[in-house]
Amino acid sequence: MQDPIFSYLQQFRSHLISCLTKEAAEWTQQERQALGPLLSSFLRKWVYSALFQDSALAPINLIQYPTPGLEMRLSLHGSYGEDGFSLMLTPVADTLQSHHFLRDLWALGEVFYPDGSYDPSGWFPLLAPSSLRDTLFTDDPFYYRYLCEIAIGLGLLKKLPGIHAAKWQFSPQAPFWSLSPLQQLQSITEEAFRLAVRHIAAMLQAPSLPLDTEDIRQFCTQEFQTDALFRQAYHHLGYDYDHLNDMAQREDLSPEDEALVSTAYTMGVAFDAWIFTPLGHYLSLIRPLYVTPFSMEEELDWIRPTLLTGCTMEHEFFSPPHDIFLTSLGEAVLGPGTNKTPLRQNYLPLPPEDVDALLAARAMTYAPTPKAQPTFVLSVCFSDDPQCWKWVEAPCDGTLEAFYQALLSYFGLEPGPHQFYLASHTSPAHLHPLANQWAYHMDAFNWEDYDLAIRLTVLNNEMLRVSLKERRVYQKHGPLPRLLRQSRKITLEEREES
């Protein structure tokens, strides 16, 4: 291993921690603590994201060495403690003779010997036992679940009978362990394909299988654009993917067509969780590539609303890459393919000073620091169900109408006739309609004495109740209003609807 690798990984680490600290500065202590164990999952996409638009210069490519048969990965471990965010980036080399996934399967087995607990219905995040977490390739909670799923599928973990049915036991004598490393990786890959087929169908609740194992194998070895996998899946379901793309550009879709178009989002989540991340980041058989740079601010804003709900967070942490390429390990395990890496074989790691220049140039692509903007943090809930709530931050100088338009997006509502009302804190049931509601500004509303009520004609006169949580100053990039947090109940309802 050459010295420059560790020098600029240290620079990347310092850069990421600085960004995390800055972007999460306004978060509550509870939110930062919740993010800590998920840092490896959160930053996984960053590993494969371009440093510049339409560039192959992703962090994983900067540490790639042209050694035949060797694939480099970045092992990620993260946490949050008294000293703030902690992050460990470690280069990991995998070959057919020495692969970290095989070592981690055995380490997992030792935790289940003589027996251990695992809930197959558990969802992400599912933290590994503390005795195992630091020894694995990554402490990504989905990685632990994936190891367990593979081990069960290969017969390495077996459920105990009778009153111990909730317990699983490791089988060190399973036939798998007598195979050669290549055969072991091939067995794991076949099980990975079967897992993907089963879980993707379950997540999509499809009437037929969107993909079979041969579809996935062909995609990994012969295709490189993710759209090819979407096209094949929709073909199996009886739809024209290109026609769906055209539909997505229209604004006058029927509810049925809109529901169909929205399945592409859930499908992308399922593809990343069960194909791209396992075959790429965990097994190093393919190389996922994101052609757009990783935006710390946007990604944190995306996951924050549901971070404390206790709900499954696949939707926030998984999204498909733009392209994939077969690695040398992938060729050895899956056979020769036409889907080769776009990088030159003589590509050398950049010197540390060049990485400094890259990070500096990347920072310069951001817009200048915005002016401080006074804002309201407002709680919005359904009047007949206060457990369904969202917190929304809005500019003080914005209009009520602009705030209402933002709520339509956050609550998934159709636009239509509506009316704003004053609702006194002392007599909350008494509503007084606001005159000149279209021009009414947020800072002209008396939030100290009144809530805002919004009657929605399109929802059979359902009412939204808006109350002030706090006033503060907004000093970040990004548009306002913005969603800050939401309740577990409304998250579960949204997951069910999708």
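The values are calculated or read from the model by the stated rules, or taken from the named source; none is laboratory data. Predicted, not measured: the structure shown is a model, and the values here were computed from it. Cβ coordinates were reconstructed from backbone atoms using ideal geometry, including for glycine residues, and neighbour counts include every protein chain displayed. Side chains included, ligands, DNA and RNA excluded: accessible areas come from the protein's heavy atoms. Shrake-Rupley method; radii C 1.70, N 1.55, O 1.52, S 1.80 Å.
Below, the figures for the structure above:
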quantity: Residue selected from the stretch 477-498 under the condition part of a strand (DSSP E or B) and of a type in the set (A, V, I, L, M), by the criterion farthest from Trp27 (Cα to Cα); calculated: Leu483
quantity: Within the stretch 227-265, tally of residues that are at pLDDT 85 or above and of a type in the set (S, T, N, Q); calculated: 1
quantity: Residue identified as hydroxyl-bearing (Ser, Thr, Tyr), touching a Leu at 6+ places or on another chain (Cβ under 9 Å) and within 30 Å of Ser487 (Cβ to Cβ) among Thr309, Thr338, Thr327; calculated: Thr309
quantity: Options Ala151, Ala128: the member that is under 27 Å from Trp177 (Cα atoms), at pLDDT 95 or above and open to solvent by less than 20 Å² (accessible area, probe 1.4 Å); calculated: Ala151
quantity: Pairs where the first residue, in the stretch 83-94, is in contact (Cβ under 8 Å) with a residue 12 or more places away in the chain and the second is exposed (fewer than 14 other Cβ atoms within 10 Å of the Cβ) and outside any strand (DSSP E or B), C-beta under 9 Å, 6+ apart; calculated: Gly84/Thr21; Phe85/Thr21; Leu89/Gln10; Pro91/Met1; Ala93/Met1; Ala93/Thr67
quantity: Where Arg133 falls short, out of the listed (1) touching a residue at least 60 places away in the same chain (Cβ under 8 Å); (2) surrounded by 16 or more Cβ atoms within 10 Å (Cβ to Cβ); calculated: (1)
quantity: Single residue of the stretch 371-400 satisfying the filter (open to solvent by less than 20 Å² (accessible area, probe 1.4 Å) and among the charged types (D, E, K, R)) that is farthest from the chain's Cα centre (by Cα); calculated: Glu393
quantity: Test: residue in the stretch 453-468 that is basic (Lys, Arg) and closer than 26 Å to Trp27 by Cβ; calculated: yes
quantity: Qualifying residues in the stretch 444-492 (those that are out of contact with any strand residue (DSSP E or B) (no Cβ under 7 Å at 6 or more places or on another chain) and charged (D, E, K, R)) - the one surrounded by the most Cβ atoms within 10 Å (Cβ to Cβ); calculated: Lys476
quantity: Extreme residue, modelled with the lowest pLDDT, among residues of the stretch 298-322 that are open to solvent by 30 Å² or more (accessible area, probe 1.4 Å) and acidic (Asp, Glu); calculated: Glu298
quantity: Elements of type helices (runs of 4 or more DSSP H) contained in the stretch 1-48, each with 2 or more residues being surrounded by 15 or more Cβ atoms within 10 Å (Cβ to Cβ), of a type in the set (A, V, I, L, M, F, W, C) and at pLDDT below 90; calculated: 3-23
quantity: Residue tally, condition without any contact (Cβ under 8 Å) to a residue 60 or more places away in the chain and touching a helix residue (DSSP H, G or I) at 6+ places or on another chain (Cβ under 7 Å), over the stretch 278-317; calculated: 2
quantity: Elements of type helices (runs of 4 or more DSSP H) contained in the stretch 159-254, each with 2 or more residues being buried (at least 18 other Cβ atoms within 10 Å of the Cβ) and not hydroxyl-bearing (Ser, Thr, Tyr); calculated: 181-204, 213-222, 226-236
quantity: Residue check for Pro352: at pLDDT 90 or above and over 26 Å from the mean Cα position of the chain (by Cα); calculated: no
